[in-house]
């Protein structure tokens with residue numbers, strides 16, 4: 001228990017000793033959200049955010065458009081792009097030492113967006129804000145004036161050298177419109193006869209030692225509560241650990257009765273699932289086996305051939321909004337053949353064997369998606385149509401063209 005208490009105390013007092021207390025800074029950030037932003041500060045913050053965001057946008061009719069750095073999509077059209085609000089952000093001691101006077105967050109909202117493909121086709125509208133547009137911009141007021149910052153340059157490419165006006169969907173409260181406290185009472189006080197003013201005795205000043213003591217105890221109060229909470233947590237953690245060890249060390253009592261025999265397997269339970277399956281004799285169809293023999297004679301032993309490879313084994317899905325939908329598009333699709341380097345299994349190219357089933361509308365849409373995926377990730381893809389006879393020399397030249405290297409004769 002003492003070890004847990006010392007660890008909690010070190011974690012509690014460590015940030016304060018280094019000069020910045022994350023707990024106090026978190027309280028300041030929470031309190032700053034409730035401060036009223038003056039109209040002049042909000043206007044200058046929006047102007048700085050507008051200047052920061054304009055180079056990455058262009059007008060697309062009544063909407064805005066941006067060009068992402070990653071992927072094959074050339075443009076993303078944004079509907080309802082606007083600044084939706086501002087609020088203060090707390091300043092740390094380091095910020096104040098660097099001359100930062102104010103920091104505001106300018107929030108960005110987008111109603112919907114859609115992708116504009118390189119071939120001119122337009123995608124479906126999707127509600128919400130795309131991941132390449134930040135949720136908010138940080139705007140600071142320092143010695144050099146107002147300046148906005150964000151990581152938008154890591155997601156978008158500059159497309160405009162002129163300033164655009166991004167609408168703001170809120171009206172900052174004017175400083176003059178804020179209620180003022182009246183210095184006079186609501187009801188007029190009765191007139192008093194003029195007399196010599198009586199001097200009011202001044203309040204005695206508090207001694208400096210008392211002020212220092214108040215500041216010390218005020219700073220020590222959060223540390224005290226955290227230390228008490230750490231001790232309580234360490235107590236229950238050590239108690240749970242002892243109970244777990246005791247339960248693990250004590251073996252369960254042996255039963256004097258022999259366990260009942262297992263019931264025989266039920267035919268009715270297996271008929272609902274297992275009897276619906278049938279074993280396949282071969283992995284490939286006759287047409288695929290015929291093409292595989294020609295391909296193997298050309299590339300073996302210089303390259304390895306893998307068949308029936310899932311797209312999920314060839315491509316990873318990044319952790320970003322829409323990851324689950326993107327993974328669902330590739331988890332049940334596969335490529336007929338994949339060429340890899342022996343020893344390293346480095347992926348060289350994919351080969352699709354197009355038989356008559358690829359003429360169906362659903363397969364045409366599937367093939368279009370696969371072509372775009374391989375092209376985006378710079379993985380060569382060779383499509384070979386079905387035929388009664390395959391010319392080895394023609395197939396050799398096609399492989400040399402997409403691999404960029406010669407094949408051993």
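Ranking 349, 66 by Cβ neighbours within 10 Å, fewest first, what do you get?
On the way: 349 19, 66 25.
The order, fewest Cβ neighbours first, is 349, 66.
Let a ≥ b ≥ c be the square roots of the eigenvalues of the Cα gyration tensor of region 74-161; is it rounded (a/c under 1.5), or, if not, prolate (a/b larger than b/c) or oblate? Could the numbers behind the result be given before it?
Numbers: a/c = 3.55, a/b = 2.31, b/c = 1.54.
It comes out prolate by the Cα gyration axes.
Fully extended, how many nm does the chain gain between residue 101 and residue 154 (0.36 nm per residue separation, minus their Cα-Cα distance)?
Numbers: separation 53, 0.36 × 53 = 19.08 nm, distance 2.74 nm.
Full extension of this stretch gives 16.3 nm more.
Pop the C-beta distance of residue 40 and residue 220 into the FRET formula with R0 = 41 Å and round what comes out to the nearest 0.05.
Values: r = 39 Å, r/R0 = 0.96.
With a Förster radius of 41 Å, E is 0.55.
Kindly identify region 286-403 as rounded, prolate or oblate by the Cα gyration tensor criterion: order the square roots of the eigenvalues as a ≥ b ≥ c, call it rounded if a/c is under 1.5, otherwise compare a/b with b/c, prolate if a/b is larger, else oblate. Can you show the working numbers first?
Details: a/c = 2.17, a/b = 1.40, b/c = 1.55.
Here region 286-403 falls in the oblate category.
Any idea how far apart residue 60 and residue 369 come out in nm if each label point goes 7 Å out from Cα toward Cβ?
2.2 nm
Is region 69-113 rounded, prolate or oblate when judged by the Cα gyration tensor, a ≥ b ≥ c being the square roots of its eigenvalues, rounded requiring a/c under 1.5 and prolate requiring a/b larger than b/c? Intermediate values should be presented prior to the final figure.
Working: a/c = 5.44, a/b = 2.10, b/c = 2.58.
Judged from the Cα gyration tensor, region 69-113 comes out oblate (a/c at least 1.5, b/c at or above a/b).
When the Cα centres of region 102-164 and region 347-409 are compared, how far apart do they sit, in Å?
First find each Cα centre; the distance between them is then 39 Å.
Once R0 is set to 22 Å, what does the formula 1/(1 + (r/R0)^6) return for the Cβ-Cβ distance between residue 231 and residue 32, expressed as a FRET efficiency to the nearest 0.05? Each step should come with its number before you reach the end.
Numbers: r = 32 Å, r/R0 = 1.43.
Efficiency, from the Cβ-Cβ distance: 0.10.
Mind giving me the FRET efficiency for residue 87 and residue 357? R0 is 45 Å, r the Cβ-Cβ distance, nearest 0.05 is fine.
Values: r = 57 Å, r/R0 = 1.28.
The calculated FRET efficiency here is 0.20.
FYI, it's all coordinate maths here, none of it is from the lab. Keep in mind the model is a prediction, meaning the values are calculated, not measured. FYI the Cβ positions are ideal-geometry reconstructions off the backbone, even for glycines, and counts take in every protein chain you see.
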